[in-house]
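The values are calculated or read from the model by the stated rules, or taken from the named source; none is laboratory data. A quick note: this is a predicted structure, and the numbers were derived from the prediction, not measured. Neighbour counts are summed over all protein chains in view; Cβ atoms, including those assigned to glycine, are modelled from backbone coordinates with ideal geometry.
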Amino acid sequence: MLLCPDGRVATLFVGPDRPAGPGGSSSVPTVVVIDDDVAVDESFGQMLRAAGYEPHTEADCRSGLAYLETARPSALILDLHLPDESGLACLRRLRAQPAHRTLPVAILTGDYFLDEEVARELAALGARVFFKPVWEQDLIRIVEQLCGRQSAAKTGTPPPGGRS
């Protein structure tokens, strides 16, 4: 069982996209990563799995949104620059889906010259922006904050490079 910092029980997932019913057998939060860099997908997947999460990766917005039509993950890690459209456009489309209006989202980007208008819209859409490179402890801290897990609350500090 996964408890939120406020004492509520977090949603349980069986496999990557089905909520567990009463007495469900899995309590592994699913984290979707949408990034076109295969090395990022693989390394983030390994880091998340080692930290007790169930990662699911997609390489572009179209396939990510297709997966999210039926999936109910705990959090989304989204690259800002994708091959088929921007991470901002992808997030707009995601937020148009009622099931994902409140899904916790982190934008991870190597774009250190992020336009202020883009940053404001990302924040208005409920996303937090973090800058690459992201080390394992940073990634886990970001995901813990997104999922509301206890250890993130204990640190009291945002991840390096993080913006809210």
For segment 41-63, name all the residues that are in a helix (DSSP H, G or I), surrounded by fewer than 20 Cβ atoms within 10 Å (Cβ to Cβ) and of a type outside the set (D, E, K, R). SER43, GLY45, GLN46, MET47, ALA50, SER63
Go through (1) within 26 Å of ALA51 (Cα to Cα); (2) at pLDDT 95 or above; (3) among the basic types (Lys, Arg) for LYS154 and report which single condition fails. (2)
Give segment 90-110 a look and list any residue that's outside any loop (DSSP other than H, G, I, E, B), among the basic types (Lys, Arg) and exposed (fewer than 12 other Cβ atoms within 10 Å of the Cβ), or say none. none
(1) crowded, with 17+ Cβ neighbours inside 10 Å; (2) modelled with pLDDT of 95 or more; (3) under 19 Å from VAL31 (Cβ atoms): which one isn't true of VAL118, the others all being true? (3)
For segment 23-49 the number of residues that are of a type in the set (Gly, Ala, Ser) and either touching a residue at least 60 places away in the same chain (Cβ under 8 Å) or closer than 19 Å to LYS132 by Cβ (or both) is 3
Look through LEU68, LEU94, LEU78 and report the one residue that is touching a strand residue (DSSP E or B) at 6+ places or on another chain (Cβ under 6 Å) and closer than 26 Å to SER27 by Cβ. LEU78
Of the criteria (1) part of a helix (DSSP H, G or I); (2) modelled with pLDDT under 95; (3) hydrophobic (A, V, I, L, M, F, W, C); (4) surrounded by fewer than 14 Cβ atoms within 10 Å (Cβ to Cβ), which one PHE113 fails: (1)
Answer yes or no: is there a residue in segment 8-24 that is modelled with pLDDT of 50 or more, more than 18 Å from LEU80 (Cβ to Cβ), more than 14 Å from the chain's Cα centre (by Cα) and outside any strand (DSSP E or B). no
Given (1) in a loop (DSSP other than H, G, I, E, B); (2) modelled with pLDDT of 95 or more; (3) surrounded by 14 or more Cβ atoms within 10 Å (Cβ to Cβ); (4) more than 16 Å from the chain's Cα centre (by Cα), index of the condition PRO83 fails: (3)
